[in-house]
Amino acid sequence: MKYDYEKVEVPAEGQPIEVIDEDADELDIPETPIVPIIHGDGIGKDVGPAAQKVLTAAAQATGHDIAWMRVYAGESGREHYDENLPDDTVNAIDEFRVAIKGPLTTPVGAGFRSLNVALRQTLDFYANVRPTYYLDGVPSPMKAPEEMDMVTFRENTEDVYAGIEWEEGTEDVERVREFVEEEMGFDETMHDGPIGIGIKPITEFGSKRLVRKAIDYALEHDRDKVTLVHKGNIMKFTEGQFGEWGMEVADEEYPDDEVFAAPDSLWETQDEVDIPEDAVMVEERLADAMLQWMQLRTDEFDVLAMPNLNGDYLSDAAGAQIGGLGIAPGANFGDARVLAEPVHGSAPKRAGQDMANPTAMILSGRLMFDYMGWDDAADLVRDAVEETISSGKVTYDLERQLEGAEKLGTTEYAEEIVTKIEDLS
Ligand code: NAP
């Protein structure tokens, strides 16, 4: 064991997941892996246990099992440890490599760091990954929502989200202004008077490892294309550089017949280009145009890789096209580690009422299964969720949009999915 745990027990019936090759994301998954789980705050208390039940059923129905290790953060962290993010929790996620969490509330007020950001940064989960696909029966604002089948890779550690910024009125912000104006020569660029300043770091290291992750995912999952989405025509030395470094990865690190870096894809169509059959094409697109195309030419896109801010906006917009927050799954990938988590937050006004939709957390678990190579369990989860929704049995959020649907509580809905799992296996 790598750590001593103060207040949680490592389940005796499980085995730890071991790393074979960290850079290659290779893990040795035992028969009954130990998987840390944080149920979460607010509706996490409803959707966490519901998802755990469904994921256990899918694992067992496909010849596996899971030794869940309950760990605590947020409100439950304060109850058990008087801390928001106890060491036991961080250590368990570090040691056991594959974990899942529900939403955590970020307390409002000065001095509170987002627990989600703290977890991602402490364990270097540098890629936020969101598969966005349509589930039959889900209400959507689009005419052809089934055309959506994208996976977004959002860089998780850099960009304007790095937290390097200075508040108006402080001595520090005035020092930065002076440096930028007087030493760097931008003396006519900023208006006089109070100012806030932030810095947008985009590094070669951060950009390349994110794009590498997206390309490896495309290769492993038989995807045709990776689109690098940035605003490099305006922010040439940050966003533009992200695109250049990304294309370098495609061009230099993979054979052409596996990964093909499309030439001049920002400005030229690729109609005349000879793309090797079966190769993953890597192209660049501008972020503003991409937001249009995602709606107008949905089926042309596949895997997207982006700096942090673009990724935040684009992945939410993509999620809206297939039915919104209650069903949108996600995961944070590091090297040979994954922390699955639904996209939604703790929705305090719906908390503890056994009404929230657990689909997003269940499908986040599906992503975890996929990462572990448990494809059969992952497929079973998707099929069972889809059959349940298309039979008209749904939670309140979908019921209010679907005529004739039957409204179920969180627990009942999860039980319905477990029954479908049993029927399908
Ligand atoms: P939110 O918790 O995602 O909820 C916004 C609204 O979305 C809810 O009121 C509800 O809409 C709907 N919704 C979200 N999840 C749902 C589900 N599973 N089933 C059904 N409806 C669902 O966003 P928020 O209110 O902005 O954030 C609340 C707290 O969560 C904040 O403290 C925030 O920092 C935190 N947060 C955490 C994470 C995370 O842990 N990764 C992510 C985002 C936000 P209706 O009211 O229309 O029913």
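The values are calculated or read from the model by the stated rules, or taken from the named source; none is laboratory data. As the structure is a computational prediction, the values presented were derived from the model and not from experiment. All Cβ positions, even for glycine, are placed from backbone atoms using ideal geometry, and neighbour counts span all protein chains on display. For accessibility, only protein heavy atoms count, side chains too; no ligands or nucleic acids. Shrake-Rupley method; radii C 1.70, N 1.55, O 1.52, S 1.80 Å.
Test each condition in (1) within 15 Å of the ligand (Cβ to nearest atom); (2) farther than 29 Å from I17 by Cβ; (3) modelled with pLDDT of 95 or more; (4) of a type outside the set (S, T, N, Q) for E341 and report the one that comes out false.
Looking at each condition in turn, E341 falls short on (2).
Which one of these is out of contact with any Lys or Arg (no Cβ under 8 Å at 6 or more places or on another chain), away from the ligand (no atom under 16 Å from the Cβ) and of a type in the set (K, R): R120, R177, R97?
Testing whether each residue is out of contact with any Lys or Arg (no Cβ under 8 Å at 6 or more places or on another chain), away from the ligand (no atom under 16 Å from the Cβ) and of a type in the set (K, R) leaves just R177.
Quick check on my filter: what residues within the range 11-43 are within 15 Å of the ligand (Cβ to nearest atom), β-branched (V, I, T) and assigned to a loop (DSSP other than H, G, I, E, B)?
Correct list: I43 only.
Can you work out which of the residues in the range 222-257 that are free of Cβ contacts under 8 Å to residues at least 40 places away in the same chain and more than 24 Å from L309 (Cβ to Cβ) is least open to solvent (accessible area, probe 1.4 Å)?
The initial filter retains those residues of the range 222-257 that are free of Cβ contacts under 8 Å to residues at least 40 places away in the same chain, namely 222, 234-237, 240-241, 244, 247, 250-252, 254-257.
Narrowing further to those that are more than 24 Å from L309 (Cβ to Cβ): 222, 251-252, 254-257.
Working: D222: 136, D251: 92, E252: 129, Y254: 31, P255: 65, D256: 84, D257: 103 Å².
Within the range 222-257, the match that is least open to solvent (accessible area, probe 1.4 Å) is Y254.
Tell me which residues, restricted to the range 160-174, are surrounded by 17 or more Cβ atoms within 10 Å (Cβ to Cβ) and at pLDDT 95 or above.
W166, V173
Here's a check for you: in the range 402-411, which residue that is in contact with a Ser or Thr (Cβ under 9 Å, 6 or more places away or on another chain) and open to solvent by 50 Å² or more (accessible area, probe 1.4 Å) is nearest to the ligand (Cβ to nearest atom)?
Result: K407.
Being in contact with a Leu (Cβ under 7 Å, 6 or more places away or on another chain) and among the basic types (K, R): is that true of K236 here?
no
How many of the residues in the range 64-78 are over 16 Å from Q15 (Cα atoms) and open to solvent by 50 Å² or more (accessible area, probe 1.4 Å)?
So the answer is 2.
Just the residues that are in contact with a helix residue (DSSP H, G or I) (Cβ under 8 Å, 6 or more places away or on another chain) and either within 14 Å of the ligand (Cβ to nearest atom) or open to solvent by 40 Å² or more (accessible area, probe 1.4 Å) (or both), please, taken from the range 368-381.
Listed by number, the residues that qualify are D370, D375.
Quick one: in the range 187-243, of everything that is among the polar types (S, T, N, Q) and within 21 Å of the chain's Cα centre (by Cα), which residue is farthest from E167 (Cα to Cα)? Walk me through it before giving the result.
Here is the first cut: in the range 187-243, the ones among the polar types (S, T, N, Q) are 189, 203, 207, 227, 233, 238, 241.
Next cut, within 21 Å of the chain's Cα centre (by Cα) only: 203, 207, 227.
Working: T203: 24, S207: 28, T227: 35 Å.
Applying the filter and picking the extreme gives T227.
Please work out if Y72 is at pLDDT 95 or above, of a type in the set (F, W, Y), over 15 Å from W374 (Cβ atoms) and within 16 Å of the ligand (Cβ to nearest atom).
It is true that Y72 is at pLDDT 95 or above, of a type in the set (F, W, Y), over 15 Å from W374 (Cβ atoms) and within 16 Å of the ligand (Cβ to nearest atom).
If you take the residues of the range 180-204 that are loosely packed, with under 12 Cβ neighbours inside 10 Å and within 28 Å of G243 (Cβ to Cβ), which of them is modelled with the lowest pLDDT?
First, pick out the residues of the range 180-204 that are loosely packed, with under 12 Cβ neighbours inside 10 Å: 182-185, 187-189, 191-194, 196.
Cutting the leftovers down to within 28 Å of G243 (Cβ to Cβ) gives us 184-185, 189, 196.
Values: M184: 95, G185: 93, T189: 87, G196: 97.
The extreme case among them is T189.
Yes/no matrix, rows are residues, columns are (1) of a type in the set (V, I, T); (2) over 19 Å from R382 (Cα atoms); (3) open to solvent by 10 Å² or more (accessible area, probe 1.4 Å):
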position: D299; (1), (2), (3): no, yes, yes
position: V303; (1), (2), (3): yes, yes, no
position: L309; (1), (2), (3): no, yes, yes
position: Y313; (1), (2), (3): no, yes, yes
position: I327; (1), (2), (3): yes, no, no
position: G330; (1), (2), (3): no, no, no
position: A336; (1), (2), (3): no, yes, no
position: H344; (1), (2), (3): no, no, yes
position: A351; (1), (2), (3): no, yes, yes
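Counting only residues that are crowded, with 23+ Cβ neighbours inside 10 Å and of a type in the set (A, V, I, L, M), which one in the range 1-36 is farthest from V71 (Cα to Cα)?
Residue satisfying both the conditions and the ranking: I34.
Of the residues G48, G74, which single one is among the small types (G, A, S), touching a helix residue (DSSP H, G or I) at 6+ places or on another chain (Cβ under 9 Å) and within 19 Å of R366 (Cα to Cα)?
Being among the small types (G, A, S), touching a helix residue (DSSP H, G or I) at 6+ places or on another chain (Cβ under 9 Å) and within 19 Å of R366 (Cα to Cα) holds for just one of G48, G74, which is G48.
For (1) open to solvent by 30 Å² or more (accessible area, probe 1.4 Å); (2) of a type in the set (V, I, T); (3) assigned to a loop (DSSP other than H, G, I, E, B); (4) touching a residue at least 40 places away in the same chain (Cβ under 8 Å), each residue gets a yes or a no:
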| residue | (1), (2), (3), (4) |
| --- | --- |
| K45 | yes, no, no, yes |
| L55 | no, no, no, yes |
| Q60 | yes, no, no, no |
| H80 | yes, no, no, yes |
| D94 | no, no, no, yes |
| A99 | no, no, no, yes |
